[in-house]
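Here's the structure we're looking at; comments come further down.
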Amino acid sequence: MSDAHSQQTALDFDVPVVKRFTCVSCPQGCELEVTVQDGQVLKLTGNACPRGEEYGRAEAISPQRVLTSLVSVRGSEQPGSCRTERSIPKELIPQALAELRALTVEPPVRIGDVVLADVCGTGVNVIATRDVE
């Protein structure tokens, strides 16, 4: 075996990773500890309810967030407020914000209007959360 193949490091193996965070699925705010390896949850501790287990598994593997932001409205001094209809992958938030910064919507804007469809190719719409004339 060549020297290059005989020298293995920890980077050559997918070792278990322990992630710690506070659960936000209910008011208890449990401190969760989740062990992940190869994209799978091996162990989850600290949750006091089933919602905490569901949140911990999702947060450890693929964190999701509802994005709230502002969007320019043509001719208005006030920006329009908006949010995603549901959670999007956390790593897409900077790209989603860039899409919103580049956008100017036409008035009138009504609560619930789609201001940006299919943000970042997620299938999730960004909707208005305030009326703007």
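How far, in nm, would the chain grow between residue 41 and residue 98 when pulled straight, counting 0.36 nm per residue and subtracting the alpha carbon separation?
17.3 nm
On alpha-carbon atoms, Rg over Rh for region 27-81 using Kirkwood Rh? All intermediate terms of the calculation are to be shown ahead of the outcome.
Details: Rg = 18.0 Å, Rh = 13.9 Å.
We get a ratio of 1.30 for region 27-81.
With +1 assigned to the C-beta of every Lys and Arg and -1 to the C-beta of every Asp and Glu, and no other charges, what is the dipole magnitude of the chain about the Cα centre in debye, to the nearest 20?
340 debye
Of the accessible area of the chain, with the probe set at 1.4 angstrom, what percent is carbon plus sulfur?
Carbon plus sulfur share of accessible area: 51 percent.
Which FRET efficiency, nearest 0.05, do residue 130 and residue 49 yield, Cβ-Cβ r, R0 41 Å?
Numbers: r = 34 Å, r/R0 = 0.82.
Here the calculated transfer efficiency is 0.75.
Any chance you could give the angle, 0 to 90 degrees and rounded to 10, that helix 50-61 forms with the longest Cα principal axis of the chain?
Computed tilt is about 80 degrees.
Give the Rg/Rh ratio for region 68-128, taking Rg as the radius of gyration of the Cα atoms and Rh as the Kirkwood radius, to two decimals. Before the final figure, lay out the partial values.
Numbers: Rg = 10.9 Å, Rh = 11.5 Å.
For region 68-128, the value is 0.95.
In square angstrom, what is the accessible area per residue of the chain with a 1.4 angstrom probe?
For the chain, the solvent-accessible area averages 64 Å² per residue.
When you take every Cα atom in the chain, what is the radius of gyration, and what is Dmax, the widest Cα pair distance, in Å?
20.9, 72
The values are calculated or read from the model by the stated rules, or taken from the named source; none is laboratory data. Here the structure is a predicted model, which means the values were calculated and not measured. Positions of Cβ are generated from backbone atoms using ideal geometry, with glycine treated the same way; all protein chains shown enter the neighbour counts. To get the accessible areas, we keep the full protein, side chains included, count just its heavy atoms, and leave off ligands, DNA and RNA. Shrake-Rupley method; radii C 1.70, N 1.55, O 1.52, S 1.80 Å.
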